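One structure below.
The values are calculated or read from the model by the stated rules, or taken from the named source; none is laboratory data. This structure is a prediction, so every number in the text was calculated from the model and none was measured. Positions of Cβ are generated from backbone atoms using ideal geometry, with glycine treated the same way; all protein chains shown enter the neighbour counts.
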Amino acid sequence: GAGVSQSPSNKVTEKGKDVELRCDPISGHTALYWYRQRLGQGLEFLIYFQGNSAPDKSGLPSDRFSAERTGESVSTLTIQRTQQEDSAVYLCASSRIGGETQYFGPGTRLLVL
Amino acid sequence: SQKIEQNSEALNIQEGKTATLTCNYTNYSPAYLQWYRQDPGRGPVFLLLIRENEKEKRKERLKVTFDTTLKQSLFHITASQPADSATYLCAPESGGSYIPTFGRGTSLIVHP
C-alpha cells in the first residue's frame with residue numbers, strides 16, 4: 001500500500017503560535033517514530049510509539065512538545081508556543097515492530113518567524 | 001556515552017569508481033546495523049541491514065561490511081553513478097533499545 005505520509009509538507013508560523021503536525025504510518029505498522037532534523041544536521045529522536053504501550057518520550061526537548069497516537073493509526077506532534085529554534089524538518093517513520101527497518105515520510109518543514 | 005562517527009566531509013568521486021563510506025561507533029555493541037540514503041528535502045530510505053554475525057552483505061552494486069572488533073561498518077558502492085549522489089546515514093541498533101541512533105551522514109557526490 002501507500003508509504004508513510006505527513007502533513008502539512010510545509011508550515012510557516014509566527015513565534016509563540018502552536019502547530020500540529022500529522023503522520024499517517026504504513027497500515028499494519030505498530031511502531032511509529034518522530035525525529036527532528038535541523039538544516040545540515042543528523043536525525044534527532046523525539047518520541048517512539050509501540051502499539052498500545054506507553055510511548056518513549058525521552059527525546060522530547062521540552063514540555064512544549066507533545067505527541068499522541070491512537071492505537072496503531074495516525075499520530076500528531078504538537079509544538080506549543082513555538083520558538084525560532086524549533087525551525088527544522090520533522091520526520092515521521094513507521095516500522096512493522098519496534099527495532100525493525102523504518103520507513104520514513106517526506107517530512108514537514110517548519111519555519112518559525 | 002554512545003557515539004557514532006561518519007565522515008563529515010563530502011566524498012567526491014568520479015563516475016565508475018567505487019565509493020567507500022565509513023561508520024565508526026563507540027561504547028555499545030549493536031546486534032545489527034542499518035544503512036539509509038537521504039536525498040535533499042526527503043526522508044531517509046532504507047538500503048541494507050547487516051547483523052553482528054554477518055561479515056558482509058551485498059545488494060546489487062552495494063556492499064556493507066561489519067567488523068565488531070573494530071566497531072566499524074564500511075559501505076561500498078561499486079561502479080558509482082551520478083544518481084548515487086546523496087547523503088548516506090548509518091544506524092547501529094542501540095543495544096536492545098527499539099530506537100536506532102542515526103549518524104550525521106556522509107555526503108557522496110559522484111561526478112560524471
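How many of the residues in the range B:1-21 are of a type in the set (S, T, N, Q) and in contact with a Gly (Cβ under 7 Å, 6 or more places away or on another chain)?
Of the residues in the range B:1-21, 1 are of a type in the set (S, T, N, Q) and in contact with a Gly (Cβ under 7 Å, 6 or more places away or on another chain).
Take the residues of the range B:26-50 that are free of Cβ contacts under 8 Å to residues at least 12 places away in the same chain and touching a strand residue (DSSP E or B) at 6+ places or on another chain (Cβ under 6 Å): which is surrounded by the fewest Cβ atoms within 10 Å (Cβ to Cβ)?
B:Val45
Could you tell me which residue of the range A:1-23 is nearest to B:Phe46 (Cα to Cα), considering only residues that are assigned to a strand (DSSP E or B) and among the polar types (S, T, N, Q)?
Here is the first cut: in the range A:1-23, the ones assigned to a strand (DSSP E or B) are A:5-7, A:10-13, A:19-23.
Remaining after also requiring among the polar types (S, T, N, Q): A:5-7, A:10, A:13.
Working: A:Ser5: 16, A:Gln6: 18, A:Ser7: 22, A:Asn10: 24, A:Thr13: 32 Å.
Taking the candidates together, the pick is A:Ser5.
Could you please give the count of residues in the range A:80-99 that are more than 9 Å from chain B (Cβ to nearest Cβ) and either in contact with a His (Cβ under 6 Å, 6 or more places away or on another chain) or part of a loop (DSSP other than H, G, I, E, B) (or both)?
Residues flagged as more than 9 Å from chain B (Cβ to nearest Cβ) and either in contact with a His (Cβ under 6 Å, 6 or more places away or on another chain) or part of a loop (DSSP other than H, G, I, E, B) (or both) within the range A:80-99 amount to 7.
Looking at this structure, is B:Phe66 touching a strand residue (DSSP E or B) at 6+ places or on another chain (Cβ under 6 Å), buried (at least 16 other Cβ atoms within 10 Å of the Cβ) and over 17 Å from A:Gln102 (Cβ atoms)? It would help to see each step written out before you state the result.
Details: touching a strand residue (DSSP E or B) at 6+ places or on another chain (Cβ under 6 Å): yes; buried (at least 16 other Cβ atoms within 10 Å of the Cβ): yes; over 17 Å from A:Gln102 (Cβ atoms): yes.
Considered against the rule, which asks whether it is touching a strand residue (DSSP E or B) at 6+ places or on another chain (Cβ under 6 Å), buried (at least 16 other Cβ atoms within 10 Å of the Cβ) and over 17 Å from A:Gln102 (Cβ atoms), B:Phe66 comes out as yes.
For the range B:9-41, which residues satisfy the criterion of being closer than 15 Å to B:Leu108 by Cβ, not in a strand (DSSP E or B) and not polar (S, T, N, Q)?
Residues satisfying the conditions are B:Glu9, B:Ala10, B:Glu15, B:Gly16, B:Lys17, B:Asp39, B:Pro40.
Residues to consider are A:Leu77, A:Leu60; find the one that is assigned to a loop (DSSP other than H, G, I, E, B), among the hydrophobic types (A, V, I, L, M, F, W, C), more than 8 Å from every other protein chain (Cβ to nearest Cβ) and within 15 Å of the chain's Cα centre (by Cα).
A:Leu60
For the structure I just gave you, tell me whether B:Ser80 is modelled with pLDDT under 95 and of a type in the set (Ser, Thr, Tyr).
Answer is no for this residue.
For A:Ile26, all conditions in the list (1) in a strand (DSSP E or B); (2) away from chain B (no Cβ under 11 Å); (3) crowded, with 17+ Cβ neighbours inside 10 Å; (4) aliphatic (A, V, I, L, M) hold save one; what is the number of the exception?
(1)
Where residues in the range B:73-101 are aromatic (Phe, Trp, Tyr) and crowded, with 18+ Cβ neighbours inside 10 Å, which of them is nearest to the other protein chains (Cβ to nearest Cβ)?
If we take residues in the range B:73-101 being aromatic (Phe, Trp, Tyr) and crowded, with 18+ Cβ neighbours inside 10 Å, then B:Tyr88 is nearest to the other protein chains (Cβ to nearest Cβ).
Where residues in the range B:102-112 are more than 9 Å from chain A (Cβ to nearest Cβ) and touching a Pro at 6+ places or on another chain (Cβ under 9 Å), which of them is surrounded by the fewest Cβ atoms within 10 Å (Cβ to Cβ)?
B:Pro112
Yes or no: A:Arg36 assigned to a strand (DSSP E or B), surrounded by fewer than 19 Cβ atoms within 10 Å (Cβ to Cβ) and either in contact with a Cys (Cβ under 8 Å, 6 or more places away or on another chain) or touching a residue at least 12 places away in the same chain (Cβ under 8 Å) (or both)? Can you show your working first?
On the way: assigned to a strand (DSSP E or B): yes; surrounded by fewer than 19 Cβ atoms within 10 Å (Cβ to Cβ): no; either in contact with a Cys (Cβ under 8 Å, 6 or more places away or on another chain) or touching a residue at least 12 places away in the same chain (Cβ under 8 Å) (or both): yes.
No; evaluated as a whole, the condition is false for this residue.
Of the conditions (1) surrounded by 13 or more Cβ atoms within 10 Å (Cβ to Cβ); (2) within 30 Å of B:Lys3 (Cβ to Cβ); (3) at pLDDT below 95; (4) at the interface with chain B (Cβ under 10 Å from one of its Cβ atoms), A:Gly3 satisfies every one except a single condition; which number is it?
(2)
Checking B:Glu54 against (1) away from chain A (no Cβ under 14 Å); (2) in contact with a strand residue (DSSP E or B) (Cβ under 6 Å, 6 or more places away or on another chain), only one condition comes out false. Which one?
The one condition B:Glu54 does not meet is (2).
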